[in-house]
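Before any comments, here is the structure.
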Amino acid sequence: MDSDLIEMIKKAKLFAFDLDGTTIIDSKPLEGIKDLLNYLLKSGKSVCFLTNNSSRTNAMHAKRLSKIFDMNITENDMMSSLDSLELFLERKFIKRIYPFLNERVKKYLKEKFIFDDETPDVIVVGFNTDALYSQLEKVSQLIFKGVPYLLIHPDLRCPTSFGYIPDAGSFGKLFELTTGKKPIWVGGKPNPIMVEGLVKKYNVDENKIVYVGDRLYTDIEMVKNSGIYGVLVLTGETTLEEFENYKKATGIKRVAVAQNAKELLKMVKK
Ligand SMILES: [Mg+2]
């Protein structure tokens, strides 16, 4: 592999990690990840977790990860697609929303936005793990009335130990097929608004950030859309062959490949 690229990765100040398929699967850490995290922290690097998963708040993600990794991870070590949503809504001065989201996330957003079932400014579609048919009907009705919808992140499916479950992107497709309307904004990865968030939060230049993920169309695409470096791990849904094809098609040079966390640890220790 390109030794200049590995040097840049080793020199990075912030290592940001994807969750599902990269560091965890269901609620279990993937092999070698704890050793890698501990090594990075001991070497004085900052570590954070960046996820598109909009079924939990940052505080909930942090609590869950602390347990899984047996480490002290706080809200401040997290960045999620909900952050990109809040950033977007604030920039556009949007206050009234109809949330197509699960109950625990609604409870969190209720503190910041006005929920409106009849005349919202936008509908917010996320990874609604409490989805009911009546809500699908409600969202369709609002879209037909002319209310635009936002997709918090484009992920079509979320990996589990048995395969996949439908994610926010699949709900988006469902509404698109039903109404013929596309979302007016898609947050989360690969939208570079997520990298803007990292730069601001950690006060670090883009070229000193490494992002580790398992997916081409979210993780690696975000690397392509920004000035950060990336590592693709093959523990999730991407094969080496798919990456080689992607590399040929896009000409991207800032992404290294590691079989798993163990191999990435060897790479940064070399
Ligand atoms: Mg993933």
>> Suppose we filter 60, 71 for residues that are closer than 23 Å to residue 166 by Cβ and away from the ligand (no atom under 16 Å from the Cβ); which single one remains?
In response: 60
> Looking at this structure, is residue 91 crowded, with 21+ Cβ neighbours inside 10 Å and basic (Lys, Arg)?
Replying inline: no
> Scanning the range 235-270 for residues that are of a type in the set (Gly, Ala, Ser) and at negative phi, which turns out surrounded by the fewest Cβ atoms within 10 Å (Cβ to Cβ)?
Replying inline: 249
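Can you name the residue in the range 10-21 that is assigned to a loop (DSSP other than H, G, I, E, B) and modelled with pLDDT under 95 and, of all such residues, is farthest from the ligand (Cβ to nearest atom)?
Going residue by residue through the range 10-21, those that are assigned to a loop (DSSP other than H, G, I, E, B) are 12-13, 18-19, 21.
Now restrict to residues that are modelled with pLDDT under 95: 19, 21.
Numbers: 19: 6, 21: 4 Å.
For the range 10-21, the residue satisfying everything is 19.
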> Which one is farthest from residue 266 (Cα to Cα) among residues in the range 36-57 that are within 13 Å of the ligand (Cβ to nearest atom) and at pLDDT 95 or above?
Replying inline: 50
> In the range 221-242, what residues are within 23 Å of residue 186 (Cβ to Cβ), of a type outside the set (Val, Ile, Thr) and assigned to a helix (DSSP H, G or I)?
Replying inline: 221, 222, 224, 242
>> Given the criterion over 12 Å from the mean Cα position of the chain (by Cα) and within 16 Å of the ligand (Cβ to nearest atom), identify the matching residue among 6, 33.
In response: 33
> Which of the residues belonging to the range 95-119 are more than 16 Å from residue 148 (Cβ to Cβ) and of a type in the set (S, T, N, Q)?
Replying inline: 102
> Inside the range 199-228, can you point out the residues that are away from the ligand (no atom under 16 Å from the Cβ) and buried (at least 22 other Cβ atoms within 10 Å of the Cβ)?
Replying inline: 209, 226, 228
> Which condition breaks for residue 171 when tested against (1) surrounded by fewer than 21 Cβ atoms within 10 Å (Cβ to Cβ); (2) away from the ligand (no atom under 16 Å from the Cβ); (3) under 29 Å from residue 142 (Cα atoms)?
Replying inline: (1)
> Residues of the range 210-256 being among the basic types (Lys, Arg), within 21 Å of residue 7 (Cβ to Cβ) and without any contact (Cβ under 8 Å) to a residue 40 or more places away in the chain, which ones?
Replying inline: 224, 247
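Kindly indicate whether residue 232 is modelled with pLDDT of 95 or more, within 16 Å of the ligand (Cβ to nearest atom), closer than 22 Å to residue 48 by Cβ and buried (at least 18 other Cβ atoms within 10 Å of the Cβ).
Values: modelled with pLDDT of 95 or more: yes; within 16 Å of the ligand (Cβ to nearest atom): yes; closer than 22 Å to residue 48 by Cβ: yes; buried (at least 18 other Cβ atoms within 10 Å of the Cβ): yes.
Yes.
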>> Filter the range 152-185 down to the residues that are assigned to a loop (DSSP other than H, G, I, E, B), closer than 22 Å to residue 83 by Cβ and not acidic (Asp, Glu) and list them by number.
In response: 152, 153, 154, 156, 183, 184
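The values are calculated or read from the model by the stated rules, or taken from the named source; none is laboratory data. Remember, it's a predicted structure, so these values are computed and weren't measured experimentally. Cβ atoms come from the backbone with ideal geometry, glycine included; neighbour counts cover every protein chain shown.
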